[in-house]
Amino acid sequence: MTKMDERWALTREMVGDDRLSVIMPLYKLAAETEANLLQVADLFESHGVNAELVPVDDGSGDGTDVILSRFPSLDAAYSHVKIRPVVCRRNGGKGAALQAGFNASTGRYVMLLDGDLDIHPKRTPYFFEAMVRSNADIVIGSKRHKRSIVQYPWHRRIVSGVYFFLVKLFIGLPVTDTQTGMKLFKREALGPALARMLVKTYAFDLELLSIAHSRGAKIVEAPVRIRFGNKFGALKPTTVKQMAIDSLAVFYRLKVLKYYAKAMAPRPLDHSPLVSVVVACPDTSWMLKECLTAMVAQSHENWECIVLPDNEPTDIELEDMPGDGRIRFVSTGKVRPAEKRNVGIREAKGEIVAFIDDDAYPEAHWLEYAIKYFSEPDVGAVGGPGITPPGDPFLAKIGGRVYDNILVSGNYRYRYRAGGVRRDVDDYPSCNLFVRKDLLDKIGGYRTDFWPGEDTLLCKDIVESWKRIVYDPWVVVHHHRRALFGPHLRQLGRYAFHRGYFCKRFPSNSLKLSYFIPTAFVVYLLLWLVLLLAPQPEVMSAEMFCLWHAIISVPMLLYVALVLITSFSFNPAIWAVTAAGVVATHVTYGVRFLCGLLASKAPCEFIGKDHA
């Protein structure tokens, strides 16, 4: 028996009657998928290792899903290998694909293996040998291991070397390589780390290992064989930039915020809950069709959708909508969104009610990522970001950039961008909000005497019922923006008025210093203009008058500089319009917030049906 045979025997012994789960993310690999999967299946079958292959099509759209659909029928050809394909309807990134694969896997040991097989799993026994010898929880392949055989382009060697140096310096992981696409985990080490993941794309491996190491997992390295050929891979300037940003975010969360040490992972659900998705809308539209089409593609399939238009759609209108039997239309008459959503709550059969606007559409794992938190009894609601769709018109995209600007949204930017950390919040908009049905029944749903702002009051009632509202950056919807300047500023003005009014009427989740800053800016702007235009006093010399103007203009110059810096784009048009939008947003919000603060009543308290 050769040394390699002994290693394979050790692998069989460790796996035993259980299974080695091999999760293989696939993205646009239709031409290679069948051959690669058969190679891996034949390898483990020939050595008698019980394995389940979990190939995950990450929304490739190139026919990979069709190829995977044929594989379960091949199980009969193998006595030791099972194939459990997973298809994600939309691309969500490597992190999302591996999370989906892990959820579908069952083995005590889990291997993450890149689907392109640049690293062949022939060296799997080395990983199990290293795990036994070092009593490790995780074994990762390393290009720098002394026994590794690597054929690697020079440009990737340089980038890999620089990245390793920075990871060692800032993160402090006891490894020489984080990015090699073959890693072996004990299930109990991988599951808790995956549950705390925030990065979906390029720095996924770094974050995964950082979380596991910070929680006490022992990580060692094993040799690999890489034949990269002449492929340039995904090494593009935009890739390098995003990798750097994500890696810095991991460092900040790990070393500064200490986030991973504090983050709690929800317990697994003991059942698959029915979710009632409520969509309030005036009538059918292309945006509603887009929303419903995305609903049909959800990875969590136990849902119903209640669409609430003013009038019953015609047969022709319904023909243009997705014909899924889980979608039903309930006409409400011309009433405000809060009243529509209350109708949806009464119609809902699910234990969780999800609210989404008709001008938004969810990502494929929207329901799956949100409902897991409801395993915790103290969680009453869950929200996630509403990011600007990539296909929006120019001025709508700029509206999204304005909302995403730190000078506009400050600590609330998480509402408008994917990423960031999970957190508890006390106020969240209804364009992306999940609430327990029994809690909605208890508090009476939405208040109908205010619009907008009814979601702020709903969240106030949830928190005052001693329930948490959890924000998760992976619970993503794409929310179409109002175009600059008119539609954007009109919508913003309504929000600002009610926030100002709520500050004195419902202060528990509205009385915050940040809401007053735009009004303070408007007051300064007016005083600055008055002083700037005032004539020179006779008792003041021309030099002193100029110095006075310079002193009072310092805050304005600083403000302009900050607007230009935070609005920066290499495209001059985007830069200029964004900067103008930020200033217009500050002035509009400041004025309308002050109007609300001084008002004796909010408009929806005394006017009729406002359906604007």
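The values are calculated or read from the model by the stated rules, or taken from the named source; none is laboratory data. Everything numeric in this text was worked out from a predicted model, so none of it was measured. Reconstructed Cβ throughout: ideal geometry from the backbone, glycine too, with neighbour counts over all protein chains shown.
Computed values, structure above
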{"quantity": "In region 46-100, the residues that are farther than 30 Å from Arg7 by Cβ and aliphatic (A, V, I, L, M)", "calculated": "Val66, Ile67, Leu68, Val87, Ala96, Ala100"}
{"quantity": "Candidate set: region 504-518, residues that are assigned to a helix (DSSP H, G or I) and touching a helix residue (DSSP H, G or I) at 6+ places or on another chain (Cβ under 6 Å); chosen: the one surrounded by the fewest Cβ atoms within 10 Å (Cβ to Cβ)", "calculated": "Ser514"}
{"quantity": "Condition broken by Ala599, with the remaining ones in (1) modelled with pLDDT of 90 or more; (2) in contact with a helix residue (DSSP H, G or I) (Cβ under 7 Å, 6 or more places away or on another chain); (3) surrounded by 16 or more Cβ atoms within 10 Å (Cβ to Cβ); (4) among the hydrophobic types (A, V, I, L, M, F, W, C) satisfied", "calculated": "(1)"}
{"quantity": "Checklist (1) farther than 30 Å from Ala97 by Cα; (2) surrounded by fewer than 21 Cβ atoms within 10 Å (Cβ to Cβ) applied to Glu304, failing item", "calculated": "(1)"}
{"quantity": "Identity of the residue in region 1-20, in contact (Cβ under 8 Å) with a residue 40 or more places away in the chain and part of a helix (DSSP H, G or I), that ends up surrounded by the most Cβ atoms within 10 Å (Cβ to Cβ)", "calculated": "Thr11"}
{"quantity": "Number of the condition not met by Ile345 [criteria: (1) buried (at least 19 other Cβ atoms within 10 Å of the Cβ); (2) at pLDDT below 95]", "calculated": "(2)"}
{"quantity": "Test: residue in region 549-558 that is farther than 29 Å from Arg482 by Cβ, over 29 Å from the mean Cα position of the chain (by Cα), of a type in the set (S, T, N, Q) and assigned to a helix (DSSP H, G or I)", "calculated": "yes"}
{"quantity": "Some residue of region 458-470 being in contact with a Lys or Arg (Cβ under 7 Å, 6 or more places away or on another chain) and crowded, with 22+ Cβ neighbours inside 10 Å", "calculated": "yes"}
{"quantity": "Those residues of region 463-504 which are without any contact (Cβ under 8 Å) to a residue 60 or more places away in the chain and charged (D, E, K, R), in sequence order", "calculated": "Glu464, Arg490"}
{"quantity": "Top-ranked residue in region 429-438 [being crowded, with 17+ Cβ neighbours inside 10 Å and out of contact with any helix residue (DSSP H, G or I) (no Cβ under 6 Å at 6 or more places or on another chain); ranked as farthest from Asp472 (Cα to Cα)]", "calculated": "Lys437"}
{"quantity": "Flag for Leu184 being crowded, with 21+ Cβ neighbours inside 10 Å and farther than 17 Å from Val421 by Cβ", "calculated": "yes"}
{"quantity": "Test set (1) assigned to a loop (DSSP other than H, G, I, E, B); (2) polar (S, T, N, Q); (3) modelled with pLDDT of 75 or more - Asn230 fails condition number", "calculated": "(3)"}
{"quantity": "Complete set of residues in region 284-297 that are modelled with pLDDT of 90 or more and not small (Gly, Ala, Ser)", "calculated": "Trp286, Met287, Leu288, Lys289, Glu290, Cys291, Leu292, Thr293, Met295, Val296"}
{"quantity": "Total residues in region 102-123, condition part of a helix (DSSP H, G or I) and closer than 15 Å to Ile226 by Cβ", "calculated": "3"}
{"quantity": "Pair list, Cβ < 6 Å and 6+ apart or interchain, from region 38-58 residues that are at pLDDT 90 or above to residues that are part of a helix (DSSP H, G or I) and charged (D, E, K, R)", "calculated": "Gly48/Arg12; Val49/Arg12"}
{"quantity": "Set Ala130, Ala96: member being in contact (Cβ under 8 Å) with a residue 12 or more places away in the chain and within 21 Å of Val175 (Cα to Cα)", "calculated": "Ala130"}
{"quantity": "Single unsatisfied condition, Ser299 versus (1) free of Cβ contacts under 8 Å to residues at least 40 places away in the same chain; (2) in contact with a His (Cβ under 6 Å, 6 or more places away or on another chain)", "calculated": "(1)"}
{"quantity": "Where Val530 falls short, out of the listed (1) of a type in the set (Val, Ile, Thr); (2) closer than 20 Å to Asn411 by Cβ; (3) surrounded by fewer than 21 Cβ atoms within 10 Å (Cβ to Cβ)", "calculated": "(2)"}
{"quantity": "The one condition in (1) within 19 Å of Ala483 (Cα to Cα); (2) at pLDDT 90 or above; (3) not hydrophobic (A, V, I, L, M, F, W, C) that Arg417 fails to fulfil", "calculated": "(2)"}
{"quantity": "Test for Glu368: is it assigned to a helix (DSSP H, G or I), farther than 29 Å from Arg413 by Cβ and of a type in the set (D, E, K, R)", "calculated": "no"}
{"quantity": "Enumerated strands (runs of 3 or more DSSP E) restricted to region 246-363, each holding at least 1 residues that are polar (S, T, N, Q)", "calculated": "275-280"}
{"quantity": "Residues satisfying the stated conditions in region 485-516, i.e. aliphatic (A, V, I, L, M) and at pLDDT 90 or above", "calculated": "Leu489, Leu492, Ala496"}
{"quantity": "Hits in region 242-283 - residues which are modelled with pLDDT of 80 or more, surrounded by fewer than 16 Cβ atoms within 10 Å (Cβ to Cβ) and of a type in the set (S, T, N, Q)", "calculated": "Ser272"}
